[in-house]
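The values are calculated or read from the model by the stated rules, or taken from the named source; none is laboratory data. Model, not experiment: these values are computed from the prediction. With ideal geometry, Cβ positions are generated from the backbone for all residues, glycine too; neighbour counts draw on all protein chains shown. Please note that ligands, DNA and RNA were not included when accessible areas were found on the heavy atoms of the full protein model with its side chains. Shrake-Rupley method; radii C 1.70, N 1.55, O 1.52, S 1.80 Å.
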Amino acid sequence: MTEDVTIKITDRKGIIHEVLAPTDMNMNVMELVCAYELAPEGTIGLCGGMAMCASCQCYVLNQVTLPERNDDEEAMLSEAFNVKDNSRLGCQIYITNALEGLEIALAPES
C-alpha cells in the first residue's frame with residue numbers, strides 16, 4: 001500500500017501551501033511544486049530536473065532526514081544566487097516516506 005506524505009511549501013509570495021505528495025511515483029520536490037502550480041510556469045525546473053539551473057532551489061525549514069547533496073547539486077548551489085546553509089535543489093529531493101512533515105520555502109528567482 002502506498003501512502004502520501006504531507007509537505008508544507010512556502011511559495012515566492014510567502015503563502016504556505018500544505019500539499020499531499022505521492023511516495024509511489026518517483027517524484028521530486030520540483031515536480032511537486034510544478035504539479036500544484038506553486039510557481040509561475042517557466043520559473044522553476046528550467047533544466048528538467050538535471051541539477052543544472054538552480055531554478056528549483058528551496059530552503060529546508062525543519063529537521064527532516066534528507067539524502068546528502070550529490071556532487072552535481074553541490075556544484076550548482078556553489079554558482080547559484082540567494083544560497084543559504086539550508087539550500088537544496090528541489091529536483092534532487094525525491095519524495096519518500098521520510099519526507100513526512102517536510103517544510104520548505106522556494107528561493108527567490110535569481
(message) If I stretch the segment between residue 82 and residue 11 completely, what's the gain in nm (0.36 nm per residue apart, minus their alpha carbon distance), one decimal?
(response) 24.0 nm
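State the three equivalent ellipsoid semi-axes of the chain, derived from the C-alpha gyration tensor as the square roots of 5 times its eigenvalues, in descending order and whole Å. Present the calculation step by step, with values, prior to reporting the outcome.
Numbers: eigenvalues 78, 47, 36 Å².
Equivalent ellipsoid semi-axes, largest first: 20, 15, 13 Å.
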(message) Using the Karplus curve 6.51 cos²θ - 1.76 cosθ + 1.60 with θ = phi - 60°, what ³J(HN,Hα) values do you get for each residue of the stretch 65-72, in whole Hz, with x for Gly and Pro?
(response) 6, 10, x, 4, 5, 8, 4, 5
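Helix-derived [θ] at 222 nm for the chain: sum -39500 (n - 2.57) over DSSP H runs of at least 4, divide by residue count, nearest 500?
Numbers: 2 runs with 16 residues, N = 110.
Only helices count here, giving -4000 deg cm²/dmol.
Please report, as a whole percent, how much of the solvent-accessible surface of the chain comes from carbon and sulfur atoms (probe radius 1.4 Å).
Numbers: 3080 of 6340 Å².
Carbon plus sulfur share of accessible area: 49 percent.
Once you list every other residue whose beta carbon is under 14 Å from the beta carbon of residue 64, what net charge do they have if Lys and Arg are +1 and Asp and Glu are -1? Write down the numbers at each step before the final one.
Numbers: positive: 8, 88; negative: 68, 100, 103.
Taking every other residue near residue 64 into account, the sum is -1.
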(message) Connecting C-alpha atoms closer than 10 Å in a GNM of the chain, tell me which of 87, 78, 55 has the biggest fluctuation.
(response) 78
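Residue separation times 0.36 nm, minus the C-alpha to C-alpha distance between residue 75 and residue 94: what's the value?
Numbers: separation 19, 0.36 × 19 = 6.84 nm, distance 1.88 nm.
Separation in residues times 0.36 nm, less the Cα-Cα distance, equals 5.0 nm.
In Å², and per residue, what accessible area does the chain have when probed at 1.4 Å with the other protein chains present? Working shown, then result.
Numbers: 6340 Å² over 110 residues.
I get 58 Å² per residue for this part.
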(request) For every other residue with a beta carbon closer than 12 angstrom to the beta carbon of residue 8, add +1 if it is Lys or Arg and -1 if Asp or Glu, then tell me the sum. (result) -4
(message) Full-extension gain between residue 109 and residue 4, please, as 0.36 nm times their residue separation minus the C-alpha to C-alpha distance.
(response) 34.9 nm
(message) Can you list residues from other chains, or at least 5 along the same chain, whose modelled amide H is less than 5 Å from the amide H of residue 17?
(response) 9, 10, 11
